[in-house]
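*Asks:* This is the structure, below, for whatever I ask next.
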């Protein structure tokens, strides 16, 4: 699959699985913040192919239930196939702007790197407030793409971030906005923490942050000069590589 600039994109399910495996540390933080225990009902909005559903299901076993929701039929099909024999997990094809659940259905709700892609984050947060039980916990992890730090040419790092924020991600700086948006939606904000995983291997980081693909897209869009972009990529591939994204982890609660 290629985007409008003609640069091929990876398989989405494989990409999300790769992100899940490379971001285990912050994901463990997010899982811990959910305060799961047996018997709870959990909503994972934007579950993708279901990379995190099993860990949550294990935490609420044997009497709890985890519900995954995604808007992409391919992701839902993949998750359904993975968990067809897991009675504690159910998957729904649905839009987070209009969730197909009754009010006060869930004890916990979680989003991980999904709010950055929605059309109206405020509407999605209002829906999460509606489907949570009074006192229910909301936990969200989102990146701030403008804060992606790459050692080396600072101006190229900034140019790459500007292109990603303006072209590739709908809500590229949603991470820094989480507390304000959640409070406006009616949640009690308990806290915000950050995580910054460090990547030292270019090939592994390139799978996650698409340095090669997105630099080529920026070049084709006229946002980065070809010579500068190719030089920067060559330096990243051959140098002492280091990159770190900035993740924001929100803890909020529906008022009693």
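The values are calculated or read from the model by the stated rules, or taken from the named source; none is laboratory data. This structure is a prediction, so every number in the text was calculated from the model and none was measured. Here Cβ is always computed from backbone atoms with ideal geometry, including for glycine, and neighbour counts include all displayed protein chains.
*Asks:* Which pairs turn up if I take residues in the stretch 222-233 that are on the phi < 0 side of the Ramachandran plot and surrounded by 18 or more Cβ atoms within 10 Å (Cβ to Cβ) and look for partners that are modelled with pLDDT of 95 or more and assigned to a loop (DSSP other than H, G, I, E, B) with beta carbon separation below 9 Å, at least 6 apart in sequence or on another chain?
*Replies:* Pairs found: 232/152; 232/153; 232/224.
*Asks:* Under 9 Å between Cβ atoms, which residue pairs at least 6 apart in sequence (or on different chains) link something in the stretch 111-128 that is in contact (Cβ under 8 Å) with a residue 60 or more places away in the chain and at positive phi with a partner that is assigned to a helix (DSSP H, G or I) and buried (at least 20 other Cβ atoms within 10 Å of the Cβ)?
*Replies:* These pairs meet every condition: 113/16.
*Asks:* Consider residue 200 against the criteria (1) surrounded by fewer than 21 Cβ atoms within 10 Å (Cβ to Cβ); (2) closer than 30 Å to residue 225 by Cα; (3) in contact with a strand residue (DSSP E or B) (Cβ under 6 Å, 6 or more places away or on another chain); (4) touching a residue at least 24 places away in the same chain (Cβ under 8 Å): it satisfies all of them except one. Which criterion is unmet?
*Replies:* With respect to (1) surrounded by fewer than 21 Cβ atoms within 10 Å (Cβ to Cβ); (2) closer than 30 Å to residue 225 by Cα; (3) in contact with a strand residue (DSSP E or B) (Cβ under 6 Å, 6 or more places away or on another chain); (4) touching a residue at least 24 places away in the same chain (Cβ under 8 Å), residue 200 is out only on (3).
*Asks:* Could you please let me know if residue 23 is at pLDDT below 95 and touching a strand residue (DSSP E or B) at 6+ places or on another chain (Cβ under 9 Å)? Steps first, answer last, please.
*Replies:* Details: at pLDDT below 95: yes; touching a strand residue (DSSP E or B) at 6+ places or on another chain (Cβ under 9 Å): yes.
Answer is yes for this residue.
*Asks:* Right, here's the next one. For the stretch 161-194, enumerate the residues that are loosely packed, with under 15 Cβ neighbours inside 10 Å and assigned to a helix (DSSP H, G or I). Full working, then the answer.
*Replies:* The first filter runs over the stretch 161-194 and keeps only residues loosely packed, with under 15 Cβ neighbours inside 10 Å, leaving 166, 170, 180, 183-184, 186, 188, 191, 193-194.
Correct list: 166, 180, 183, 184.
*Asks:* What about residue 141, is it touching a strand residue (DSSP E or B) at 6+ places or on another chain (Cβ under 8 Å), farther than 22 Å from residue 195 by Cβ and outside any helix (DSSP H, G or I)?
*Replies:* no
*Asks:* Given the criterion under 18 Å from the mean Cα position of the chain (by Cα) and either assigned to a helix (DSSP H, G or I) or closer than 22 Å to residue 27 by Cα (or both), identify the matching residue among 227, 204, 218. Before the answer, list the steps.
*Replies:* On the way: 227 fails: under 18 Å from the mean Cα position of the chain (by Cα); 218 fails: under 18 Å from the mean Cα position of the chain (by Cα).
Of the residues listed, the single one that is under 18 Å from the mean Cα position of the chain (by Cα) and either assigned to a helix (DSSP H, G or I) or closer than 22 Å to residue 27 by Cα (or both) is 204.
*Asks:* To continue, here is another question. Residue check, residue 174 against (1) without any contact (Cβ under 8 Å) to a residue 40 or more places away in the chain; (2) closer than 30 Å to residue 103 by Cβ, all met but one. Which one?
*Replies:* If we test residue 174 against (1) without any contact (Cβ under 8 Å) to a residue 40 or more places away in the chain; (2) closer than 30 Å to residue 103 by Cβ, just (1) comes out false.
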